[in-house]
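Colleague: To start, I am sharing the structure in question, which I have written as structure tokens.
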Amino acid sequence: QVQLVESGGGLVQAGGSLRLSCAASGRMLSRYAMGWFRQAPGKEREIVAAISWSGGSTYYRDSVKGRFTISRDNAKNTVYLQMNSLKPEDTAVYYCAVRSGTDARLWVGRYDYWGQGTQVTVSS
């Protein structure tokens, strides 16, 4: 069973930066695609970014392209989300997740395991 724990959230002013981390444990975790999702109050959860297990492929939703960078360090069983130029609309609970499927389209398929989430609040 895969277990995920997010950290690094907090309060930041617009234009600032945060780096989220997701520590993972579980068998064959390094072979899984991993993603970051977020959910704002009253809204559905949406994908933010995803990365293949090798790190060779990434996906970003349009609203974060050029501002966010997803990366992973399989030796540390950790995935990161570097968030720069943050905007108030980025405010949400951010979740990391693991997908065991093989679809190259990282934005589809079921993400099977989820962390508990970490709050990101961006003030204007």
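Colleague: With contacts defined as alpha carbon pairs under 8 Å and 6 or more residues apart, what's the relative contact order of the chain in percent?
Modeller: RCO, the chain: 35 percent.
Colleague: Once R0 is set to 22 Å, what does the formula 1/(1 + (r/R0)^6) return for the Cβ-Cβ distance between Arg19 and Asp112, expressed as a FRET efficiency to the nearest 0.05?
Modeller: 0.35
Colleague: What spacing in nm lies between the two simple spin-label points modelled at Arg45 and Glu89, each 7 Å away from Cα in the Cβ direction?
Modeller: 2.3
Colleague: Out of the DSSP beta bridges found with both residues in the chain, what percent are antiparallel (nearest 5)?
Modeller: 90
Colleague: Loop-only check: which trypsin sites (Lys or Arg not before Pro) in the range 65-112 are DSSP coil with at most 15 other Cβ within 10 angstrom?
Modeller: Sparse-neighbourhood loop trypsin sites (Lys or Arg not before Pro): Lys65, Arg67, Arg105, Arg110.
Colleague: With a probe of 1.4 Å, find how much accessible area the chain has per residue, and write the answer as a whole number in Å².
Modeller: 53
Colleague: Only four residue types carry charge here, +1 at the Cβ of Lys and Arg and -1 at the Cβ of Asp and Glu. Report the dipole size of the chain about the Cα centre in Debye, rounded to the nearest 20.
Modeller: Using only the charged Cβ atoms, the result is roughly 200 debye.
Colleague: While we're on this one: Which order do Asp73, Asp62 take when ranked by solvent-accessible area (1.4 Å probe, heavy atoms of all protein chains), largest first?
Modeller: Order by accessible area, largest first: Asp62, Asp73.
Colleague: On the accessible surface of the chain, probed at 1.4 Å, how many percent belong to carbon and sulfur atoms?
Modeller: Exposed carbon and sulfur together represent 46 percent of the surface.
Colleague: Quick one: dipole size for the range 51-124, taken about the Cα centre, charges +1 on Lys/Arg Cβ and -1 on Asp/Glu Cβ, in debye to the nearest 20.
Modeller: Using only the charged Cβ atoms, the result is roughly 100 debye.
Colleague: Taking amide H positions as placed in the peptide plane 1.01 Å from N, state which residues far from Asp112 in sequence (5 or more) or on other chains have amide H under 5 Å from it.
Modeller: When sequence neighbours closer than 5 places are left aside, the close amide H contacts are Val98, Arg99, Ser100.
The values are calculated or read from the model by the stated rules, or taken from the named source; none is laboratory data. For clarity, every value in this text was computed on a predicted model and none was experimentally measured. All Cβ positions, even for glycine, are placed from backbone atoms using ideal geometry, and neighbour counts span all protein chains on display. Just the protein is used for accessible areas: all its heavy atoms, side chains included, with ligands, DNA and RNA removed. Shrake-Rupley method; radii C 1.70, N 1.55, O 1.52, S 1.80 Å.
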